[in-house]
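Derivation of every value follows stated rules applied to the coordinates shown; laboratory data play no part. No experiment lies behind these values; they were computed from the predicted model shown. Reconstructed Cβ throughout: ideal geometry from the backbone, glycine too, with neighbour counts over all protein chains shown.
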Amino acid sequence: MTRTAGLLLALLLCGVGFQTQLAWGQGEAPPETAEPVDAPAESAATLPTLDSPRALFRTFIESWNQSKREVPDSAEERSAQLTAIRCLETGQEATAVEPALLGQVKRVIEVLDYFGRVSYSTLPVDLESDLFELPTDQGPILARRENDRWTFEGSWVQYETPRMIDRFQASDATKYAPFTLRDYVPSVLRQRALFLEHWQWLGIFALLILAWLIHRIVIFFTRGMISGWISRHPRGESTGDAIRAMSGSVGFFASAAVIWLLQPYLELSATGTKVILVLAKIVASVGGMLLAYRVADLAGARLRDAAEKTDSKLDDQLAPMLERSLKVMITVGAVLFVLDNLDVDILSFLAGLGVVGIGVGLAAKDTFANFFGSVTVFADKPFQVGDWIVVGSVEGTVEEIGFRTTRVRTFYNSIIALPNSKLVDSAIDNMGVRRWRRYVTRLGLLYSTPATRIEAFCAGINQIVQASERM
């Protein structure tokens, strides 16, 4: 995120007396308020993958940035400090955060701070030599490869880092200082409430408000641009409505981007950062799902617009079913994506659904029967949308053929939903495909009516029938 965006967030927080912590950036050490304490970590923790100098520097710096306290108060922060210690040649076998090793980590961090911002892209990935030197004004930073694993060279860490720090200080060198909100907000509200400080709660609230505002602004401008484009490129009415509806999904992507880019300024713990990032992914997933819905609506609208220009009624039946099928697949994909970001084992989840599906299938056998009934209706085509049918005691015009039911509008203007499984097993009288329609009527005559007048009336009716081409 740009420095301007960070300043905007700071201004929001200043309005409510926001106070921020120091953002340690690349590698600024936490304030030394106490001697390092041996914090037990998971003894079975796996070694970080350090297969190149680039991986070494990235893992070391990012792990240290995750440990924001001298004495970490969470398992994630203890694990982060232990990972940084294991990037040292002398700490590869460490199973706990030992004070001596933690001091060595802090010295390497201080050297890196004097060096400046580390650009990972300039560090090698493949290196033939087993020794890597990163030059600085006061001597090189040394890393060594042993057993295909890179670490900071032991003698350099123990003996040379204190000398380099002294030389940097003697030359009046300045440390790398990343942008932080500390310089732009009041120095209050540092007390902790629950598991966060007051300024962090206020920051989360301000971030959500900002994300909502961005969501509305992006929707407003996107809707205007889309409406202008549609006016210049006319489409069918349903197609135009589907395209306009896409503007709502774009706002969710903008909100997710704001949350993703500004969350580092809140300086949350590893767990808090993970929760915020999962929230951003969920918001983006909702936007993606809505956008996919709108694409499905657009596909259905184009099919409906095309179907209105044809005489066949089969495409009128298929368009809504294809649209609903796409939305079902989109929903399933979105749910699986969210579950994957929540660290749910998708394969185990699907396997569990397979077991549950057996019971659900037995309980929902009628639903499956109706689905296959709809397939039979489409394949056999006993009727189409718009046909007048009679099924048992139900008589009316077919309005829609769905996955589960077929909707018939009666001549009383009501809607009756017929299960498709019943249609397959029932006799269907399709009045809509008759070649002739028999009309029967009865006329009453007086007994005193002369026979000549009756014969003349019948002759006139016969002439009317013979003169009509449709009778």
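Amide H contacts of Ile428: none lie under 5 Å away among residues 5 or more positions distant or on a separate chain (H built 1.01 Å from N in the peptide plane; Pro and chain starts excluded). Between the beta carbons of Arg117 and Asp51, assuming R0 = 25 Å, the FRET efficiency works out to 0.60 to the nearest 0.05.
What is the local net charge at Ala427, summed over the other residues whose Cβ is closer than 14 Å to its Cβ (Lys, Arg +1; Asp, Glu -1)? Once positives and negatives cancel, what remains is -3. Fraction of C-alpha pairs exceeding 17 angstrom in region 383-440: 34 percent, rounded to a whole number.
Amide H to amide H distances under 5 Å link Leu88 with Phe152, where only residues 5 or more positions off or on other chains count and H is placed in the peptide plane. Our coupling estimate for region 421-433, obtained by passing each phi through the Karplus curve with A = 6.51, B = -1.76, C = 1.60 and θ = phi - 60°, is 5, 5, 4, 5, 9, 10, 7, 10, 9, 8, 6, x, 10 Hz, Gly and Pro reported as x. Ordering Cys458, Ser448, Val390 by the projection of their Cα atoms onto the charge dipole of region 386-471, which places +1 on the Cβ of Lys and Arg and -1 on the Cβ of Asp and Glu, puts Ser448 at the extreme positive end.
Taking label positions 7 Å along the Cα-Cβ direction at both Asp166 and Phe220, the computed distance is 6.3 nm, reported to one decimal.
Protection proxy ranking of 251-261, 146-156, 201-211, by the mean of other Cβ atoms within 10 Å over each peptide's residues and highest first, is 251-261, 201-211, 146-156.
As a rough guide to protection, the peptides 414-425, 123-134 ranked by mean Cβ packing within 10 Å, highest first, stand as 414-425, 123-134. What the Cβ-Cβ distance of Phe205 and Val338 gives, at R0 = 30 Å and to the nearest 0.05, is a FRET efficiency of 0.80.
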